[in-house]
1. When you check THR44 against the structure, is it outside any strand (DSSP E or B), modelled with pLDDT under 75, among the hydroxyl-bearing types (Ser, Thr, Tyr) and surrounded by fewer than 16 Cβ atoms within 10 Å (Cβ to Cβ), yes or no?
2. Considering only residues of the stretch 1-31 that are assigned to a loop (DSSP other than H, G, I, E, B) and farther than 18 Å from GLN68 by Cα, which is farthest from the chain's Cα centre (by Cα)?
3. Residue check: is LEU73 outside any loop (DSSP other than H, G, I, E, B) and modelled with pLDDT of 80 or more?
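The values are calculated or read from the model by the stated rules, or taken from the named source; none is laboratory data. Note that the structure is a prediction, hence the values are computed from the model and not measured. All Cβ positions, glycine included, derive from the backbone under ideal geometry; neighbour counts span all protein chains shown.
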Amino acid sequence: MAQRLADEAPDLLAGIGVVAAGVAVNSTCAQSARPMPALFMWGTDDPIAPFDGGPMAGNRGVISSELQDVQELTNFFERTVSAYQVGVEGEVGFDDDF
């Protein structure tokens, strides 16, 4: 859901966080026109959302979809580093409680 909103309504979000959710190989989602900060988390041994892509085990183990691998999915959201860079001026200090 978060991935779809990032693609279809990026102006409503500041960023997305995704846990173990893939995108189907035959997805018709369009790439967002603007950069979207995103955090993705997967387990490498997950049978439901496989890290390396492939069949997704749905309800009662029935294959429900073929998923992209994690690299393909993150490439979909990737933008150039310069799109996220922001100039910062000043100093950073850490006290003893840090």
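1. When the stated conditions are applied, THR44 does not pass them.
2. Filtering the stretch 1-31 for residues that are assigned to a loop (DSSP other than H, G, I, E, B) and farther than 18 Å from GLN68 by Cα, the one farthest from the chain's Cα centre (by Cα) comes out as ALA9.
3. no
Conditions tested, residue by residue: (1) at pLDDT below 75; (2) surrounded by fewer than 10 Cβ atoms within 10 Å (Cβ to Cβ); (3) of a type in the set (Ser, Thr, Tyr); (4) out of contact with any helix residue (DSSP H, G or I) (no Cβ under 8 Å at 6 or more places or on another chain).
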| position | (1), (2), (3), (4) |
| --- | --- |
| ASP11 | no, yes, no, yes |
| ILE16 | no, no, no, no |
| VAL25 | no, no, no, yes |
| GLY53 | no, no, no, no |
| GLY61 | yes, yes, no, yes |
| PHE94 | no, yes, no, yes |
